[in-house]
Every structure is written in C-alpha cells, then in structure tokens.
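Asks: Quick one: the structure is below, and I'll ask about it shortly.
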Amino acid sequence: MLKKLLYIILILPISCIEPYKVELPQGEQLLTVDGFITTDSGPHIIRLTRSDTYGSVFQGLIRPVSQANVVIRDSEGNVTFLEEGIERGAYQTPPDFRARVGISYTLLITLLGGKSYTSLPERVAAVPEILELSYSAVGFNTEDRLLDRSGARIFAHFNDPSDQTNFYYWRVGARNYVLVANPELYRLPGTHPTNPRGEAPKACCAICYIQEPGRFQRFAIASDEGFNGLPQRLPVAFVEDDGLKFKQAYRAEILQMSISANAHRFLRLVEQQTSLTGSVFDSPPANIRGNMISLDDPNEIVLGFFMAAGVSKKEVYIKPGKLDIRQTPKTIPDDCLTVPGATLDPPAGWNPDN
C-alpha cells in the first residue's frame, strides 16, 4: 500500500502534458501550453495548441498556434527567445540553452493577435543521479487468456538526499530497437500460400533499426515523503511486448527529473482524473488548470504546465534472454526496410554489449 502512495505509473501522450479534451461550451477553444526545460542541453521545445471546437465538424482536431512570440526569462534577468521550428506551433530554445539549479524561470507568450500569457515562476532543484537501471518481465491477465499482455518494467536506482524535500518525475526518452524481419518468406502479392510460383524471397534485408514512435508517453511521479534520505529502487517505466520489440535488444533512455511541488500536484491531479475514466487513454472528465495565466483576462482558462527541472539521464538495454515472460514473436515476411522509419544504420551510441 505504501508503494502505491510513493509512485504513480502512467501512460500519457509523448510530451510533458499532451493537449486533452475538456467539457466546454460549444465553440470555445483553449490555449494549451506543453513543454519543459531542464539542466540538460537544448533545444528544449514548447508547443502551443488550441483545444477542440466542440460541436463542430472539426471536433477532435488540435490546432497548432503559430507565429507567437515565446520567451523564457530567468530570475537573474536573462531573456531567451524561442524560435518556431519546421513543426508549426513548436518553439525551440537555442541548442546551448540549459536551465540552472537554483534559478527560477518564467515562460512569456504573446500571440499573433496581441494576447499575452505568463507562467508562474518555476525554480530548478537539483536531482540525484540515476545510479543504475534494472528491469524485469511482468505479465497482465486479460479476459481472453490468448491475449494476455506482458512487457518489461524498468526500475531506477538512486539515493534520495536527506537535506530537502524532493518531487520526482520520470519520462522515457529515446527508444530504439532491432527490427527483425524475414525477407526470405516474401511472396508475390495476391498469391496463395500453397502456390509455389508465389515464392519470391528477397536478398535484403533481415535486420534493421527503428526508433519507436512516441504517440503515447509513459511517465511516473513520486514524492520522497515516505523515503527521505534513503536509497531507492522504484518502477519508473513499462515497455509493452508487441512481439517485435524484444526479438533482439531494445534500448530505452530514462530521464529522472526534479520538479516543483506545484508541478507534482498538477501531474497527480491529471492522474487522478484520468483514472476516473477507467482507461489511461481516455480523456479526463474535466479541465485542470496549470501554472499559465492570461495577462489580459484572469478568468481565461489556460491548459498545460510549464516546468523547469534538474535532470539525470541513463540508458538501459533490454535483452530478450533476460525476460522470462515473452509474447509470441511476430513475423514480417518482407524486407525490414519496408517498415516506416526503419534504417540499416544503428542509432548513435548503440552498444548493447556494453
């Protein structure tokens, strides 16, 4: 029971707080601020969007907010301008920008029409180093025994400092794995499996590398209220086995971040409302106000939360031979390069034997 109070594992969209639907009067749209900065080097990305127009033919559409003036100001008076990248509504810091421990940061936004918004200041706290990442296989029963789920649960090992109250936020960063295919099993389209004339094995390629798309993001939060100053091993992420990811090595980057008490409270409320719907993929039943406010209308609701955090990063390679629960491997009877995003070149720093 104590562990349940110490950490919360979630599956949420890829970004810090993905825009989500809220119950609003028909036609109303809300500005959503999505992003954070850390003590790691940039570029850091802040995304601005508008929520759905309810009751219209555009229901379900998230609109990026382009051509805004986005600035980060720190407590020492330094100002950093963010530039909109190729992706509309995504504003980037310079590559050499990084937050500093002990400094507070404020996000300032001016939209093309002149409306202005600001975040409340977020102070960056130091974060303990991730000493080790470990993992173990875990399975979940479903109503259909033939469709039981399984995967790898990742644990972060670290020493919680005793001289301060810490609020933790874990995210999964870059995820890559070896994509194994069977080009020798390729058959001509439209031919029956028993037709020998349909066999058309390809000479290439059986092994590719792929970066897992991050439509849904897994993250965890915790407060050290019950373990202040003690060594910890906490579950911080889960990678589901889909029959392809664990044929060979899978690499996941874990980000361990220190966040403010307000940011932790915000994420906890998001988790609580999400759990009320019965599925982590469902939309929360009501909106949750973050730390963004309108300078023109204090009653205007702005969604999302601007965070500033200290960060420690570490990678873990998950190897199939160390998982005692596995899904039935899937077969790709074709060239692995036919899979979107697949490449023959291993990702930077790939070294599963290290």
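The values are calculated or read from the model by the stated rules, or taken from the named source; none is laboratory data. Because the structure is a prediction, the values reported are computed rather than measured. Neighbour counts run over all protein chains shown; Cβ positions are idealised from the backbone, glycine included.
Asks: Within the stretch 95-102, identify whether any single residue is modelled with pLDDT of 95 or more, outside any loop (DSSP other than H, G, I, E, B) and closer than 29 Å to Ala174 by Cβ, and answer yes or no.
Replies: Within the stretch 95-102, not a single residue is modelled with pLDDT of 95 or more, outside any loop (DSSP other than H, G, I, E, B) and closer than 29 Å to Ala174 by Cβ.
Asks: Turning to a different aspect of this structure: Being crowded, with 16+ Cβ neighbours inside 10 Å and in contact (Cβ under 8 Å) with a residue 12 or more places away in the chain: is that true of Ala200 here?
Replies: Here the answer is no, as Ala200 does not meet what is asked.
Asks: Could you grab me the full set of residues in the stretch 305-354 that are under 24 Å from the mean Cα position of the chain (by Cα), among the β-branched types (Val, Ile, Thr) and more than 19 Å from Tyr135 (Cβ to Cβ)?
Replies: Result: Val311, Val339, Thr343.
Asks: Which one of these is within 30 Å of Pro333 (Cβ to Cβ), modelled with pLDDT of 95 or more, outside any loop (DSSP other than H, G, I, E, B) and within 24 Å of the chain's Cα centre (by Cα): Tyr168, Tyr177, Tyr91, Tyr105?
Replies: Tyr177
Asks: In this structure, is Glu83 within 18 Å of Ile45 (Cβ to Cβ) and part of a strand (DSSP E or B)?
Replies: yes
Asks: For the stretch 141-151, give me each residue that is more than 9 Å from Ile325 (Cα to Cα) and modelled with pLDDT of 85 or more.
Replies: Arg149
Asks: What residue, among those in the stretch 217-257 that are over 16 Å from Gly310 (Cα atoms) and among the polar types (S, T, N, Q), is surrounded by the fewest Cβ atoms within 10 Å (Cβ to Cβ)?
Replies: Asn228
Asks: Looking only at the stretch 128-150, how many residues end up being outside any strand (DSSP E or B) and either under 30 Å from Gln67 (Cα atoms) or out of contact with any Phe, Trp or Tyr (no Cβ under 8 Å at 6 or more places or on another chain) (or both)?
Replies: 7
Asks: To continue, here is another question. Every residue in the stretch 108-120 that is assigned to a loop (DSSP other than H, G, I, E, B) and hydroxyl-bearing (Ser, Thr, Tyr), please.
Replies: Passing the criteria: none in range.
Asks: Among the residues of the stretch 183-193, is there at least one that is surrounded by 17 or more Cβ atoms within 10 Å (Cβ to Cβ) and either closer than 16 Å to Ile254 by Cβ or not basic (Lys, Arg) (or both)?
Replies: Yes: the stretch 183-193 contains one or more residues that are surrounded by 17 or more Cβ atoms within 10 Å (Cβ to Cβ) and either closer than 16 Å to Ile254 by Cβ or not basic (Lys, Arg) (or both).
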